[in-house]
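The values are calculated or read from the model by the stated rules, or taken from the named source; none is laboratory data. Worth saying up front: this structure is predicted, and the values here are computed from it rather than measured. Here the Cβ is made from the backbone with ideal geometry for all residues, glycine too, and neighbour counts use every protein chain on show. The accessibility values were calculated without ligands, DNA or RNA, using every heavy atom of the protein model including side chains. Shrake-Rupley method; radii C 1.70, N 1.55, O 1.52, S 1.80 Å.
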Amino acid sequence: MFVTDIRKEFYEVVANQRVVLLVASDMDALCACKILQALFHCDQVQYTLVPVTGWQDLGTAFLEHKEQFRYFVLINCGANVDLLEMLQPDDDSIFFICDTHRPVDVVNVYNDTQIKLLIKQDDDLGVPSYDDIFRDEDDDEEGGDSGNESDESSEPTGKRRRFDEGAVERRIERQRARREWEARRREILFDYEQYEYHGTSAAMMFFELAWVLTKDTKDMLWWAIIGLTDQWVHDKITNMKYVTDIATMQRHVSRHNHRNEDEENSLSIDCMRISFEYDLRLTLYQHWSLYESICNSSYTSCNFKLWTLNGQKKLQEFLADMGLPLIQVRQKYNSMDMSIKENLRDVIEESANKYGMKDIRIQTFGVHFGFKNRFLASDIVHATAALLESTEKDESDSNNFIKALDSLSRCNIERLHHGIELAKKKLIAIQQTVASCICTNLILSQGPFLYCYLMEGTPDVKLFSKPMALILLCKYLLKAFVHSTRNKRCKLLPLIMAAPKDVEKGTVIVVGIPPESDTSDKKNFFGRAFEKAAESTSSRTLHDHFDTSIMELKTEDRSKFLDALITLLS
């Protein structure tokens with residue numbers, strides 16, 4: 001059931017209870033969790049925080065806590081499956097679900113007692129109507145009864161036969177109507193569940209709750225902005241949706257900045273200032289050298305085709321056109337001359353326009369912590385995602401989760417800088433892998449889709465056993481392939497990518513992404529296709545991820561699974 005008044009139906013209900021927060025391992029969920037934690041601290045609400053990486057984790061966490069807790073808040077997990085069917089909870093357990101995954105399961109939508117959906121209804125949900133999906137069984141039972149009564153009645157035979165014929169005809173008519181209804185129901189559900197996509201950021205939803213409660217702070221606003229930026233960085237929402245949500249956030253930023261103008265603490269050395277920026281699409285450029293940022297940002301790297309000699313030459317021409325000395329471009333941004341930094345964005349935009357990069361600037365937000373630390377929202381997304389999926393010391397997922405959560409706090413700047421260093425390594429690894437895949441023709445056209453497999457032994461292959469890193473690589477690789485291929489048909493194809501997940505168990509992680517285009521609606525059909533192909537070939541798969549377009553597969557089942565997928569999608 002959709003919650004219409006988030007304050008009354010959610011917050012006031014859990015405010016006097018003990019609550020379990022089940023939080024998915026993605027940036028938006030982390031930010032939503034930070035906002036909710038801050039609200040709970042304000043009102044001294046007792047809660048237990050449990051990070052969950054997939055459906056198995058979610059099931060285990062529920063079993064461990066169901067005896068002590070009645071109220072469960074699920075962040076970015078649980079909306080796109082029949083949760084009651086999966087968890088089999090007691091009748092008094094209540095689940096509040098704030099999830100960006102779409103489509104929302106119809107049973108969750110129409111359950112009035114135990115499932116409460118904290119989901120914006122002005123998102124284009126397209127939920128089928130109740131009567132199209134659910135049907136009372138009473139009619140059929142009545143039909144059966146009338147037939148039985150007529151058999152047992154002691155009426156004269158002629159009259160009974162006529163009555164029988166009427167009952168039989170009615171029953172046949174009912175059965176035919178039911179079959180038609182079931183066929184229509186299957187069709188409606190197939191259309192509704194066919195594509196997977198994402199809705200409004202969970203962090204934005206909880207920030208709106210804080211605003212309604214008049215407890216919103218600048219920190220909460222910043223976390224909501226990071227949640228939204230995560231959706232843009234990982235390409236989960238359309239450009240139109242991003243721009244609309246940015247405008248919403250901009251209004252809140254103006255309100256907060258206006259409110260703080262009169263306050264004495266606005267000049268405090270620890271103050272936090274959020275500003276709307278029309279900044280460059282160069283990843284981490286303020287924490288790197290401009291040259292390395294241009295080389296490792298997918299937007300510039302794909303437009304220049306930097307994996308070719310020609311592309312490298314073009315880049316040198318681009319730098320010359322800007323009139324920036326190489327010594328300045330190759331040193332850290334912080335060390336560049338102030339005279340160059342002052343109008344750097346305008347200079348880059350002017351030259352980028354000549355090279356066909358018309359939209360090198362993007363609407364985003366920046367933050368100042370005191371006088372020294374300045375970050376863009378995308379910097380924090382990359383840094384925290386790198387901490388969340390760190391492969392440095394083989395730490396557990398929950399340890400990485402806690403570190404990533406900590407890095408979002410202003411007091412943990414050191415951890416954030418460590419995350420930025422990890423993010424740089426990750427971006428360099430992605431850039432090098434893309435270059436080697438394109439140059440060695442590892443991307444194969446399989447008919448209805450493109451396919452790329454990272455072999456065991458590929459540099460940095462361990463990094464790509466993590467879902468967010470693999471998806472980022474996948475998006476980058478498809479963009480690079482579209483820029484480099486001359487085959488017009490291949491430019492319109494989606495991409496499936498596989499990488500070794502666990503060598504000892506012999507499994508690979510498989511992800512599928514929709515075709516690359518600026519006008520794409522970001523809807524992904526691979527989730528259902530993966531399930532069907534695995535079912536038809538009895539492949540040993542694990543669909544444990546909250547995104548259905550990510551799964552694990554036994555290495556030896558890879559070829560038969562792919563063959564089934566080609567047949568299914570052809």
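Quick look at the values:
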item	result
Probe 1.4 Å - accessible area at Lys501, Å² to nearest ten	80 Å²
Overall Cα dimensions of segment 505-545 - principal axes, largest extent first, Å	38, 22, 14
Cα coordinate range in segment 233-429, projected on the principal axes (Å, largest first)	51, 46, 36
Reachable lysines from Lys560, criterion Cα separation under 18 angstrom, eight or more residues apart if same chain	Lys532
Dipole-positive endmost among Tyr11, Ala377, Val52 within the chain (Cβ charges, Cα centre)	Ala377
Normalised alpha carbon radius of gyration of segment 442-569 [divisor 2.2 N^0.38 Å]	1.00
Charge-dipole axis of segment 471-570 as Lys and Arg at +1 and Asp and Glu at -1 on Cβ define it, positive-most pick from Ile513, Thr541, Ala499	Ile513
Length-normalised contact order of segment 487-570 in % [C-alpha pairs under 8 Å, at least 6 apart]	27 percent
Rh by Kirkwood over Cα pairs, then Stokes-Einstein D for the chain at 1.567 mPa s and 4 °C, µm²/s	49 µm²/s
Using θ = phi - 60° and Karplus 6.51 cos²θ - 1.76 cosθ + 1.60, couplings along segment 283-299 (whole Hz; Gly, Pro as x)	5, 6, 4, 7, 10, 9, 8, 4, 4, 5, 5, 4, 5, 10, 8, 4, 4
GluC sites (Glu not before Pro) within segment 174-268: DSSP coil, no more than 10 neighbouring Cβ in 10 Å	Glu261, Glu263
Accessible-area ranking of His258, His543, largest first, probe 1.4 Å	His258, His543
Difference of contour (0.36 nm per residue) and Cα-Cα distance, Asp124 to Arg251	43.4 nm
Rounded to 10°, Cα long-axis angle of helix 55-65 versus longest principal axis of the chain	80 degrees
Overall Cα dimensions of segment 207-250 - principal axes, largest extent first, Å	31, 16, 14
Sequence-distant lysines (8 or more away, or on other chains) whose Cα lies within less than 18 Å of Lys522	Lys236, Lys241, Lys475, Lys479, Lys491
Spin-label pair Gln194/Gln312, simplified geometry with 7 Å Cα→Cβ offset, distance in nm	4.7 nm
Solvent exposure of segment 442-569 as accessible area per residue, Å², 1.4 Å probe	44 Å²
Cα centroid of segment 67-128 to Cα centroid of segment 397-466, whole Å	31 Å
Environment charge of Arg70, counting only residues whose C-beta is closer than 15 Å and scoring Lys/Arg +1, Asp/Glu -1	-2
Accessible area in square angstrom per residue, segment 313-367, 1.4 angstrom probe	55 Å²
Cα→Cβ-extended label distance, 7 Å offset, between Met455 and Asn16, nm	6.6 nm
Ranked order, Trp232, Trp288 - accessible area, probe 1.4 Å, largest first	Trp232, Trp288
Cβ-Cβ FRET estimate between Asp394 and Arg374, R0 fixed at 35 Å, reported to 0.05	0.60
Heavy-atom accessible area ranking, 1.4 Å probe, most first, across Ser398, Ser289, Ser536	Ser536, Ser398, Ser289
Relative contact order computed over segment 416-474 (Cα-Cα under 8 Å; 6+ residues apart), in percent	27 percent
Segment 38-61 and segment 279-296: distance between their alpha carbon centers, rounded to Å	36 Å
Angle in degrees between helix 138-152 and the longest Cα principal axis of the chain, rounded to the nearest 10	20 degrees
Spatial separation of Cα centroids for segment 182-196 and segment 226-257, in angstrom	31 Å
Rounded percent of accessible protein surface that carbon and sulfur make up, the chain, 1.4 Å probe	49 percent
222 nm mean residue ellipticity, helices alone, for the chain (DSSP H n ≥ 4; -39,500 (n - 2.57); rounded to 500)	-15500 deg cm²/dmol
Difference of contour (0.36 nm per residue) and Cα-Cα distance, Trp211 to Gln363	52.4 nm
Approximate spin-label separation Glu67-Ser339, in nm, with each point projected 7 Å along Cα-to-Cβ	7.4 nm
Nearest-20 debye value, segment 233-429 charge dipole, Cβ charges on Lys, Arg, Asp, Glu	500 debye
C-alpha long axis of helix 218-233 to longest principal axis of the chain, angle in °	80 degrees
Among Pro103, Val23, Trp288 the positive-end extreme of the charge dipole of the chain (Cβ point charges)	Trp288
Length-normalised contact order of the chain in % [C-alpha pairs under 8 Å, at least 6 apart]	12 percent
